[in-house]
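Engineer: Questions regarding the structure given below will be posed in turn.
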Amino acid sequence: MSGSKLLDDSSPSDAPDASSRPHASRVDQHLGLTVHSMPSPERVMDAQARRKVSGRWKMLAVFLVCAAPVVASYFTYYVVRPEGRRNFGELIDPQRPLPDLATASLSGQRSTLQALKGQWLLISVAGGACDDICSHHLYLQRQMREGLGKDKDRMDWVWLIPDDAAVPDKLLPALKEATVLRVSPAGLSAWLAPTAGQQLAEHLYVVDPMGNWMMRFPANLDLSSAAKAKRDLERLMRASAGWDQAGREAGKLAVQ
């Protein structure tokens with residue numbers, strides 16, 4: 001065998017074409033496919049349920065943040081009390097919310113007790129003829145409110161009349177800053193209540209801006225005991241200063 005034969009066997013013509021290698025490599029490669037399956041109805045419902053629960057927890061958190069100042073002020077007033085300090089007024093437990101009771105002003109304007117929400121209320125109850133106890137309570141209400149100084153605009157003094165008797169003309173000038181409303185006697189008695197052995201008209205009652213009857217002062221207040229009652233009102237004003245402002249959203253009732 002000659003050397004030329006060996007040269008012929010290793011001839012470049014027998015070697016693979018280098019220029020065709022990249023093309024062959026690309027042909028041999030497989031396309032990668034990703035298959036996405038549709039989510040099952042169970043998984044979709046489960047995700048929606050989780051979102052709903054999460055949304056409710058967020059709403060609850062917002063509510064708690066908004067309610068925290070109110071809760072803190074009541075906790076401070078009712079629970080965290082300095083040693084030896086006592087309320088003069090009787091705290092109502094459980095509190096009683098304002099009923100949706102129809103009212104009429106002395107000029108005949110119609111509304112409901114719900115319209116009184118948004119202010120602290122110092123309430124007396126008496127017939128329109130206004131006997132001596134009624135006149136005395138109206139005087140004390142005005143004096144106690146005025147005694148609150150800069151906080152007086154956060155409290156309304158209210159006279160609820162459970163009958164149709166005419167109000168004496170001599171009282172009208174003194175009632176310009178009062179809220180005077182006629183109400184059903186049955187509806188009123190279902191909301192406010194006196195202590196045992198007393199009459200509804202013998203007390204003064206305190207309602208908070210959220211519409212809850214929360215305090216009742218002892219019957220037949222005199223000037224000395226009214227001073228103690230005013231101190232209770234002052235403590236309430238201080239305890240609620242962080243969340244209660246003067247005025248109500250619905251506007252003050254026009255009473256003539």
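The values are calculated or read from the model by the stated rules, or taken from the named source; none is laboratory data. Note that the structure is predicted; figures quoted are calculated from it, not measured. Every residue, glycine among them, receives a Cβ derived from its backbone with ideal geometry; neighbour counts consider all protein chains shown. Each accessible area value is taken on the protein alone, full model and side chains, heavy atoms only, with ligands, DNA and RNA left out. Shrake-Rupley method; radii C 1.70, N 1.55, O 1.52, S 1.80 Å.
Engineer: Accessible area of region 104-256 with a 1.4 Å probe: how many percent of it is carbon plus sulfur?
Structural biologist: Carbon-and-sulfur percentage of accessible area, whole number: 51.
Engineer: Against the 2.2 N^0.38 Å scaling, with N counting residues, where does region 155-256 land? I'd like the Cα-based Rg ratio to two decimal places.
Structural biologist: 1.17
Engineer: Probe radius 1.4 Å, ligands and nucleic acids left out: which of LYS170, LYS58, LYS228 has the largest accessible area, and how do the rest follow?
Structural biologist: LYS170, LYS58, LYS228
Engineer: What FRET efficiency do you get for ALA190 and SER105 if R0 is 25 Å and r is their Cβ-Cβ distance, rounded to the nearest 0.05?
Structural biologist: The computed FRET efficiency comes out at 0.70.
Engineer: So for ASP222, ASP164, ASP169, what's the accessible-area order with a 1.4 Å probe, most first?
Structural biologist: Sorted by accessible area, descending: ASP164, ASP169, ASP222.
Engineer: Continuing with this model, one more query. With a sphere of radius 14 Å drawn around the Cβ of PRO194, what net charge do the other residues whose Cβ falls strictly inside it have (Lys, Arg +1; Asp, Glu -1)? Present the calculation step by step, with values, prior to reporting the outcome.
Structural biologist: Numbers: positive: ARG96, ARG216; negative: GLU90, GLU202.
The answer is 0.
Engineer: Output wanted: per-residue J couplings in Hz (rounded whole) for region 115-121, from phi through Karplus 6.51 cos²θ - 1.76 cosθ + 1.60, θ = phi - 60°, x for Gly and Pro.
Structural biologist: Result, rounded to whole Hz: 5, 7, 4, x, 9, 5, 10.
Engineer: Okay, next question. Measure off 7 Å from each Cα along the Cα-to-Cβ vector at SER135 and SER54, then give the distance between these two points in nanometres to one decimal.
Structural biologist: That separation, rounded to one decimal, is 7.0 nm.
Engineer: Using the basic label-point model (7 angstrom from Cα toward the beta carbon), what is the GLU234 to LEU172 distance in nanometres?
Structural biologist: Once both label points are built, they end up 3.7 nm from each other.
Engineer: Quickly work out the ASN220-to-ASP153 label distance, labels modelled 7 Å from Cα along the C-beta direction, and quote it in nm with one decimal.
Structural biologist: Reported label-point gap for ASP153 and ASN220 is 3.9 nm.
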